[in-house]
C-alpha cells in the first residue's frame, strides 16, 4: 500500500480541495516553539490541507454574517477530516497530532500554536501574499486551512515557488492595502495584527456575533470567478449599514 497516496485520498474524499506534504526539516529556521517537532518531537512530516470558501460570501461587507458563518462550517469540516486522517495514521502505528483549523490562539503573540500558512507554502499549496494570507493559484486567498503533524514516512511535495501576488500587482492596484478599514497592511507585506484584531473585536461587532472582516481577501483578484449574471444593486438602507460594518464615520 502507498501510504502517501492513501492519506491524500482520504483527505480529498472528505471534500477538501487541496492537500500537500512537507518534511519537518523545512521548518528548521522557524521560531523556537513554532516547529512541528516542538509539538511532536518524533515528527517526520506535516500534512497541509485547504478547503475553498464559497466565493459568493465575499460580497463584503454586505455578506458579513454569511462570510463569518463559513468559518464555523469549514473549520468543522477541516477538523473532522484531520481527526479521521490522524486516527487512520495512529492505526498504522504512527503518532499523529491534528492542529485545529482555528483556535487555540496564543493571545500575547496573536498567532496560532502552529502556522497553517507556512506549512501550506512548504507543502506546495500556495504562497503568503501581500495581504499576509495563504494564497493559492486556483482559489486565491479564499481558503481555510488545517494541518496534521505525524511520524508517518510520507513522500513530500515541492514547496510552492510561484509569485502570483506579484504578477497581479498592476491589475489589483494594491486593493488589499488601500481598502483595509484600519490600514493594517503595509506595502512590504507586514500586517499590524493588533490593529486587525482590534477592528474585528472592538470596532466591527455592532451585534453579539463574533464577526470576521475579510475585506483584504475580497479585494484580491486572484482566483475570483467569472459570474454568469451581473451583480445586483443594493438598497439604500443596506448601503447605509455599511458604515457600521466597516467602522467608518
Quick one: order 111, 220 by neighbouring beta-carbon count within 10 Å, fewest to most.
111, 220
For the chain, state the average projected area of the convex hull of the C-alpha atoms over all orientations, rounded to one decimal in nm².
14.6 nm²
Give the span of the range 110-199's Cα atoms along each principal axis, as three whole-Å numbers ordered largest to smallest.
44, 30, 20
Quick one: Cα centre-to-centre distance for the range 25-94 and the range 108-168, in angstrom?
10 Å
Order of 58, 88, 199 under a 10 Å beta carbon neighbour criterion, fewest first:
88, 199, 58
Value of [θ]222 nm, deg cm²/dmol, for the chain, DSSP H segments ≥ 4, -39500 (n - 2.57) each, nearest 500
-9000 deg cm²/dmol
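Neighbouring Cβ atoms within 10 Å as the yardstick, rank 11, 121, 73 fewest first. Don't skip to the end; give the middle numbers.
Working: 11 25, 121 22, 73 13.
Ordered by Cβ neighbours within 10 Å, fewest first: 73, 121, 11.
Since every read-out is calculated from the coordinates, none of them should be taken as a lab result. Keep in mind that what you see is a predicted model, and the values were worked out from it rather than measured. Positions of Cβ are backbone-derived with ideal geometry, glycine not excepted, and every protein chain shown enters the neighbour counts.
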